[in-house]
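A.B. asks: Sending over a structure as structure tokens; questions will come in a sec.
Derivation of every value follows stated rules applied to the coordinates shown; laboratory data play no part. Only a predicted model underlies this, so the values are computations on that prediction, with no experimental measurement involved. Don't worry about glycine lacking a Cβ; one is built from the backbone with ideal geometry, like all the others, and counts go over all protein chains shown.
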Ligand code: NAP
């Protein structure tokens, strides 16, 4: 039981398709105890059975990361129920619609600020506000995507948010390293979740990745969950500031697997 004795908080479970659910489940299977959060009352009843299943029916807390008072209340709940915690999973992102469609140069400042606040600043604020309840050797994990490294169609504003998030991981790792706290990210391959449904042509992105990744398949929330559990556990005690790709190897490919039709237009080659 790799996570026996570990306690933590998981933010970002919307349903059983969420990446955060995959991570929470892997941690639970390895003996961790946890609390999970919901965004607002609309989601509380939906998450109650999931909390029961994860063994934390009594520890389902509200937390909209755009409300600083809810982060403070979260710390108080964690202090009351656990004393100290050993891990934080930050699996949260949001962009207004205008950030995910149209021309990139047309993105309004208001959308930019919202996406940055929810998807990036929330990690900094969470770590700062929860620090008093973090144990020595605590581990923090967030979720990124390849669209923060390279252009991905329609990913637009979230690409900028993920690039900033990845830099934030490195700067937080340095800042918190002196306190023994580790901060890492998983850059996950595309997975069909609620958040992903907001990205235009997402089913094409899934097909493209499956065709072009070395493993010739898309990853699952269980693949990401197991890798996340490793990064939250003592097995990764020497690892911090890392952006760990769990994407069937897609990020190493320099040339896609396409063929050209009779009109010279590129099309997907299906292998497998
Ligand atoms: P998901 O199931 O929709 O999870 C996204 C979560 O963010 C939801 O639980 C959502 O809550 C929460 N959230 C949004 N705004 C929030 C706020 N103000 N306060 C608190 N929580 C808020 O989708 P997911 O794909 O698992 O996404 C999790 C993370 O993985 C995101 O950072 C995403 O960018 C990243 N990621 C996803 C993929 C992919 O292909 N799916 C690939 C790489 C990285 P509600 O549902 O209650 O609104």
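A.B. asks: Length gain on complete extension for the stretch residue 80 to residue 15, per 0.36 nm per residue less the alpha carbon to alpha carbon distance?
C.D. replies: Gain in length upon complete extension: 20.8 nm.
A.B. asks: What full-extension length gain, to one decimal in nm, is calculated for residue 43 and residue 58 as 0.36 nm per residue of separation minus the Cα-Cα distance?
C.D. replies: Contour length minus the Cα-Cα distance gives 3.8 nm.
A.B. asks: How are the Cα pair distances of the chain distributed, in percent, across 10 Å bins from 0?
C.D. replies: Pair shares across the bins are 7, 29, 36, 20, 6, 2, 0.
A.B. asks: Considering the Cα trace of region 33-115, what is its radius of gyration and what is Dmax, both in angstroms?
C.D. replies: That works out to 16.1, 48 Å for Rg and Dmax.
A.B. asks: Could you work out how much longer the chain between residue 163 and residue 207 gets when fully extended? Use 0.36 nm per residue separation minus the Cα distance between them, nm to one decimal.
C.D. replies: 13.5 nm
A.B. asks: Tell me what the chain gives for mean residue ellipticity at 222 nm when only DSSP H runs of n ≥ 4 count, each as -39,500 (n - 2.57), the sum divided by the residue total, rounded to 500 deg cm²/dmol.
C.D. replies: Calculated at 222 nm, the ellipticity per residue is -11500 deg cm²/dmol.
A.B. asks: Next up: What value in Å³ per residue do you get for the convex hull of the alpha-carbon atoms in region 119-176?
C.D. replies: Convex hull of Cα atoms, per residue: 72 Å³.
A.B. asks: Please state, as a whole number in µm²/s, the translational diffusion coefficient that the Stokes-Einstein equation yields for region 128-223 at 10 °C and 1.306 mPa s, with Rh defined as the Kirkwood radius across alpha carbon pairs.
C.D. replies: 106
A.B. asks: Okay, next question. Enter the angle in degrees (range 0 to 90, nearest 10) between the Cα long axis of helix 19-29 and the first principal axis of the Cα atoms of the chain, meaning the one along which they spread out most.
C.D. replies: Around 50 degrees separate the two axes.
A.B. asks: Helix 202-212: angle to the longest alpha-carbon principal axis of the chain, degrees 0 to 90, nearest 10?
C.D. replies: 80
A.B. asks: What percent antiparallel are the DSSP beta bridges of the chain, to the nearest 5?
C.D. replies: That works out to approximately 10 percent antiparallel.
A.B. asks: What is the distance, in nm, between label points placed 7 Å from the Cα along the Cα-to-Cβ direction at residue 220 and at residue 136?
C.D. replies: 3.9
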